Amino acid sequence: MGDGLGGGGSGEHLSSDLHPKDLTLQVTFSATRNATHRGTVALDDVAFWRCGLPTPEARCPLEHYHCQNKACVEPHQLCDGEDNCGDHSDEDTAICSNHTATDFETGLGLWNHLEGWARNHSTGGSQCPTWPHRDHSRNSAQGSFLVSVAEPSAPAVLSSPEFKASAPDNCSLVFYYYLHGSKAGCLQVFLQTQSPGAPQAPVLLRRHHGELGAAWVRDRVDIQSEHPFRILLAGQTGLGGVIGLDDLILSAGCKPVPEVSGPPPGLWAPGPWPQPSSLQLWNFCEPGYLFCGDLCVPPEQLCDFQQQCLGGEDEQDCGTTDFESPMAGGWEDASVGRLQWARLPAQESRVPGTGAARATAGHFLSLQMAWGQLGVEARVLTPTLGPSGPRCELHLAYYFQSHPQGFLELVVVEGSSRELVWQAPGSGTGGWKVDKVLLGARRRPFRLEFVGLVDLDSPGQQGAAVDDVTLTGCSPTAATEKDTEVSCNFERDTCAWYTGHFTDAHWRRVESCGPRYDHTTGQGYFMLLDPIDPPAQGPAAHLLTQPQVPAATQECVSFWYHLYGPQIGTLRLAMRREGEAELHLWSRSGTHGNRWHEAWVTLHHLQDSGIKYQVRPGARWGWTGRGPSWLTPSTPTQLLFEGLRDGYHGTMALDDVAVRPGPCWAPRHCSFEDSACGFSTGGWGLWIRQTNATGPTACGPRVDHTTETPQGHYMVVDMSPQALPRGRMASLTSEEHRPLARPACLTFWYHLSLSNPGTLQVYVDAAGRSQVLHISSHGGFAWRLGSVDVRAEQAWRVVFEAVAAGVEHAYIALDDLLLQDGPCPRPASCDFEAGLCGWSHLPRPGLGGYSWDWSSGATPSRYPQPAVDHTLGTEAGHFALFETSVLGPGGRAAWLRSQPLPATQASCLRFWYHMGFPEHFYKGELRVLLSSARGQLAVWGTGGRQRHQWLEGQVEVASAEEFQGTRQWPHQCQPWSAAPSCSSCSCCCLDSWDGAGCGRGTASPGARRRPRPRASTTFSSVRTTSPCQHRSPMTSRSPREDPSSSPVFLTSPGPWPQDQHLPLPQDTLTPVSITLHRLPPQAWVWSLPQQ
């Protein structure tokens, strides 16, 4: 049966063992959906294998047994302790009288109890949780069975009487065993022949090792011997484990040899269960240790990919093998069903050829029929391995041909977790193939497991086989020249970067294709994290370097990143040093538009000068008096990119990573989430980076601007008289920014305390300081946006100076600094050509988890979007975008929110929108809302299907208090609807957003932009009599459809302070736009809700 996972996931195999006796059977599938995430669970190809009773037949094939109920069973199913007929006639006493069965109900029968075994039953037995709940003979808690009571270091031995094989029949032993609770448990079956003179060394016939589950498993051994022989069953328990035996059935071909009572002289008594020949234990080493040369190698150093013995004995039989040795490279079968893995010569297998070498006399590992009655698939495992290095790979040759229900897989087993790392493609087409699998860095202990399922009863050359298995590059300490190549464009390979395997989400090196394109050439390779390929359950994916020795005391790491999608999560860069906590250097959250962005960060490696320094990325160095948070140039460091998904809608990508000696320029964006971004404090006061996650601080906002949570970070200065006397100044100075080739806009968010804290002054220092912004007002509960135009043809710094007013409980805080090319837009006005202009697009905590995006028609995208924008009317123009099809039922929304804007008596908001809903949405709507301290009010809304054109919208707005505007996208979806295909997906887009008087007429979508003169003004109330007098014919609608047909007023509890001064920058606008520079401060919120 296959479990189809929604969102483009691949199927995975599920199986369950059903073995009731004389019971009614019912199977129930249950699925639980996470209410906060979209997803689909699908079932397909449900099949019951060998569950029904045999079909009655008039005649049976040759040599088959005809049951009393007319069913037919194979000869080997007679008298095997199982009801194969369904009416017990195949286990009838008359038919099985020539078999010797021991069910331990009354004793040991013919078997000799040498040591370590005890007869017991479930009722009143051990309280061990791994103890059998029922015996096999009666399927009852009162039934008896044999269990090992030997110490873990000593085997329990059960010996048969001496037999002779009576030709032409072989002697066969059917037995049921229980192996549960410990991976160290082992049951072995030996044959000891009695040649003239003395007994021979025993021969191992069968070995079962490890954890097989709480069930009785059937097995059978066939014996051919010219000399008298004994059968020995030796069980060695592991700590906390149980080994049991029941229903030992000897065939008619086993003829006892008369003998005296008791074991004869010279009977072999096994020691601890034999290990592979290269791991034989010697008496003068402690138990479990390997002796080689003059060394005693402890168990944890066996198969750790680091050679301890001169001859490499500690690394033999550790998975690498061509299967020519009888030890099969340490691979052990752990199957409990009708299939098993067995080492076979080519001429005895139904698989054509013999591996990659095609040697007809060679051996390989092949799926074969087995005697087990439980399970379906066959399993074979390596010994315990690890730790492994990041470049560890498994190379193999394999053969696989099967019906669609069959499969061949490689699984990594780590404790109770199982990770599928490789699967033979499709159902196989026959012929040997070669492949390789990246295993990566893994902790010890882990094991590798091949899992196979093929219907060998079907006609044709169906089968599965493995040969020439090689583990390469697995040493965790080995290093190559490539491991030092941190700078990488990923065109050739991944250089020194490797994928972490401690989570089930993985970075993959992929080639540019369709909407996925690299940064280097647009047609090359890059690293991609897609949470649905394959579907990931864990939240994180890691991309790491090997530990590197720094080349200088300061290094600059630069890279290009791509975060795109409505539910993308966080990309983070961190640095690791042995023995110290992971140091976060950089992070970005949420979608950043459908384009590549450059980022850089400085790594600081301090020399050992006898004085201990604390590393604070981006902050000034200061003596702490305590250590050891310091580095010498020889201390290795490890870089880590961590992708933290927030859902399944969106991808992360990395390209063109470069490392060079020396510091980086100041970053273009700083959220203060990971560091102070190189800002240094000066003057009388002290700016500090803080969070309110551990409770309210002495001063500062309750939440930051970036995450809008108490866990977020920001910079704040205490302006109270005790910390900063009246008239005194505290400065915050950036590192040097690179020279600007063209004008740029520096935006930042600031928060002022309710009591007047003083003045915030912003300077640009480029060969001389010049003041560019002065803010002085009472504060509030909201973060506000500030912006300054910057022109600097040489290196420059930005300086924030806080001048105290001498008021108690006063502070000034800063967050989310951003430097973008081009002049600053006027507040809340945006044509989206350079970005979102300060509009907040990230989801508010708990409001659905989806966000608006930024794109253009020319940029390849996995989501539907308009071919051209409205501003330029070309595919190169940009717009704000939301992919509506990702919203599921349940009242979710996606929000696009303006900065807080001052009150207005009458203003007009004007914008262009392009929208459409998938057909399965029976209601969807784009809304404009006003948010203020008094609540939220919808002032405009529209719904629509696929329209494929830009439409104009305008809203009259009046508010006597500060407010925000919100774009909201709501929709309703029929609960029973299927998930839409890409052809039915759609989007909602915005362009040429402007808030001001709207009586200027309209322009065609392709109208060119014209410059406007620079304006500098103080925000004040402006009264307009009819801000939306002119209406475009294409946007006229009835009053019922257009809530903006009359003004909407919000009353204020008090006047808005008018002492804030914001010089407005020069800008260029489309003819349709009327900007906010004539308006008092207000705020808009765009949102996309679903009802």
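The values are calculated or read from the model by the stated rules, or taken from the named source; none is laboratory data. The model shown is predicted, which means the values in this text are computed figures rather than measured ones. Every residue, glycine among them, receives a Cβ derived from its backbone with ideal geometry; neighbour counts consider all protein chains shown. Each accessible area value is taken on the protein alone, full model and side chains, heavy atoms only, with ligands, DNA and RNA left out. Shrake-Rupley method; radii C 1.70, N 1.55, O 1.52, S 1.80 Å.
With respect to (1) touching a Leu at 6+ places or on another chain (Cβ under 9 Å); (2) modelled with pLDDT of 90 or more; (3) crowded, with 21+ Cβ neighbours inside 10 Å, the lone exception for R220 is condition (3). From S166, S153, S159, S148, grab the single residue that is at pLDDT 90 or above and not charged (D, E, K, R). Sole residue among the options that is at pLDDT 90 or above and not charged (D, E, K, R): S159.
Only a single criterion out of (1) under 22 Å from S587 (Cα atoms); (2) in contact (Cβ under 8 Å) with a residue 60 or more places away in the chain is not satisfied by I688, namely (2). Can you tell me which residue is most open to solvent (accessible area, probe 1.4 Å) among those in region 540-561 that are more than 26 Å from F502 (Cβ to Cβ) and in a loop (DSSP other than H, G, I, E, B)? The qualifying residue most open to solvent (accessible area, probe 1.4 Å) is A551. Quick check on region 440-455: of everything there that is over 26 Å from Q401 (Cβ atoms) and among the hydrophobic types (A, V, I, L, M, F, W, C), which residue is most open to solvent (accessible area, probe 1.4 Å)? The extreme case among them is A441. Taken over region 567-589, the residue count meeting the criterion of being on the phi < 0 side of the Ramachandran plot and either assigned to a loop (DSSP other than H, G, I, E, B) or hydrophobic (A, V, I, L, M, F, W, C) (or both) is 13. Here H751, H774 are screened, and the one residue that is over 20 Å from E735 (Cβ atoms), open to solvent by less than 40 Å² (accessible area, probe 1.4 Å), touching a Pro at 6+ places or on another chain (Cβ under 9 Å) and in a strand (DSSP E or B) is H751.
Do the conditions hold for F400, that is, is it at pLDDT 85 or above and more than 27 Å from the chain's Cα centre (by Cα)? In short, yes. Selection of region 300-326 for residues being under 27 Å from D455 (Cα atoms) and not polar (S, T, N, Q) yields G319, D322, F323, E324, P326. Being more than 20 Å from G683 (Cβ to Cβ) and surrounded by 18 or more Cβ atoms within 10 Å (Cβ to Cβ) is the filter here; which residues of region 789-810 pass it? Once the filter is applied, which keeps residues that are more than 20 Å from G683 (Cβ to Cβ) and surrounded by 18 or more Cβ atoms within 10 Å (Cβ to Cβ), region 789-810 yields D789, V790, A792.
Contact map, region 752-779: first residue over 17 Å from E808 (Cα atoms), second residue open to solvent by 50 Å² or more (accessible area, probe 1.4 Å) and small (G, A, S), Cβ cut-off under 9 Å, separation 6 or more or different chains; pairs are Y763/S770; V764/S770. If the condition is being surrounded by 15 or more Cβ atoms within 10 Å (Cβ to Cβ) and outside any loop (DSSP other than H, G, I, E, B), then region 456-472 contributes G463, A464, A465, V466, D467, D468, V469, T470, L471. Counting residues in region 416-437 that are closer than 23 Å to D314 by Cα and surrounded by fewer than 21 Cβ atoms within 10 Å (Cβ to Cβ) gives zero.
Which ones in region 230-255 are buried (at least 24 other Cβ atoms within 10 Å of the Cβ), charged (D, E, K, R) and over 24 Å from G143 (Cβ atoms)? Once the filter is applied, which keeps residues that are buried (at least 24 other Cβ atoms within 10 Å of the Cβ), charged (D, E, K, R) and over 24 Å from G143 (Cβ atoms), region 230-255 yields nothing. Give region 95-120 a look and list any residue that's part of a loop (DSSP other than H, G, I, E, B) and among the charged types (D, E, K, R), or say none. Answer for region 95-120, where residues must be part of a loop (DSSP other than H, G, I, E, B) and among the charged types (D, E, K, R): D103, E105.
For region 799-819, a residue qualifies if it is in contact with a Gly (Cβ under 8 Å, 6 or more places away or on another chain) and of a type outside the set (D, E), and the qualifying residues are A802, V803, A804, A805, G806, V807, A810, Y811, I812, A813.
Yes or no, residue by residue, for (1) surrounded by 15 or more Cβ atoms within 10 Å (Cβ to Cβ); (2) closer than 27 Å to R59 by Cα:
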{"position": "V73", "(1), (2)": "yes, yes"}
{"position": "L78", "(1), (2)": "yes, yes"}
{"position": "G86", "(1), (2)": "yes, yes"}
{"position": "Q142", "(1), (2)": "no, no"}
{"position": "L146", "(1), (2)": "yes, no"}
{"position": "A154", "(1), (2)": "yes, no"}
{"position": "S182", "(1), (2)": "yes, no"}
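Restricting attention to region 61-112, which residues are at pLDDT below 90, of a type in the set (S, T, N, Q) and farther than 21 Å from G244 by Cβ? Once the filter is applied, which keeps residues that are at pLDDT below 90, of a type in the set (S, T, N, Q) and farther than 21 Å from G244 by Cβ, region 61-112 yields Q77, N84, T93, S97, N98. Residues that are under 17 Å from G786 (Cβ atoms) and open to solvent by less than 10 Å² (accessible area, probe 1.4 Å) do occur in region 733-743. Do we find that D322 is of a type in the set (D, E, K, R), touching a helix residue (DSSP H, G or I) at 6+ places or on another chain (Cβ under 9 Å) and open to solvent by 10 Å² or more (accessible area, probe 1.4 Å) in this structure? Spelling it out, D322 is indeed of a type in the set (D, E, K, R), touching a helix residue (DSSP H, G or I) at 6+ places or on another chain (Cβ under 9 Å) and open to solvent by 10 Å² or more (accessible area, probe 1.4 Å). Listed conditions (1) touching a Leu at 6+ places or on another chain (Cβ under 8 Å); (2) under 20 Å from S851 (Cβ atoms); (3) hydrophobic (A, V, I, L, M, F, W, C) are all met by I568, apart from (1).
Could you grab me the full set of residues in region 474-488 that are of a type outside the set (A, V, I, L, M) and not in a helix (DSSP H, G or I)?
Quick first cut of region 474-488, residues of a type outside the set (A, V, I, L, M) only: 474-477, 480-485, 487-488.
Scanning region 474-488 gives C474, S475, P476, T477, T480, E485, S487, C488.
Remark: E226 falls outside the filter, which requires a residue to be in contact with a His (Cβ under 7 Å, 6 or more places away or on another chain), farther than 21 Å from L108 by Cβ and assigned to a loop (DSSP other than H, G, I, E, B). Looking at the structure I just gave you, is L205 closer than 23 Å to R338 by Cβ, surrounded by fewer than 18 Cβ atoms within 10 Å (Cβ to Cβ) and not hydroxyl-bearing (S, T, Y)? The answer is yes for L205. When the residues of region 382-395 are filtered to those that are open to solvent by 10 Å² or more (accessible area, probe 1.4 Å) and not in a loop (DSSP other than H, G, I, E, B), which remaining residue is farthest from S458 (Cα to Cα)? It comes out as E393.
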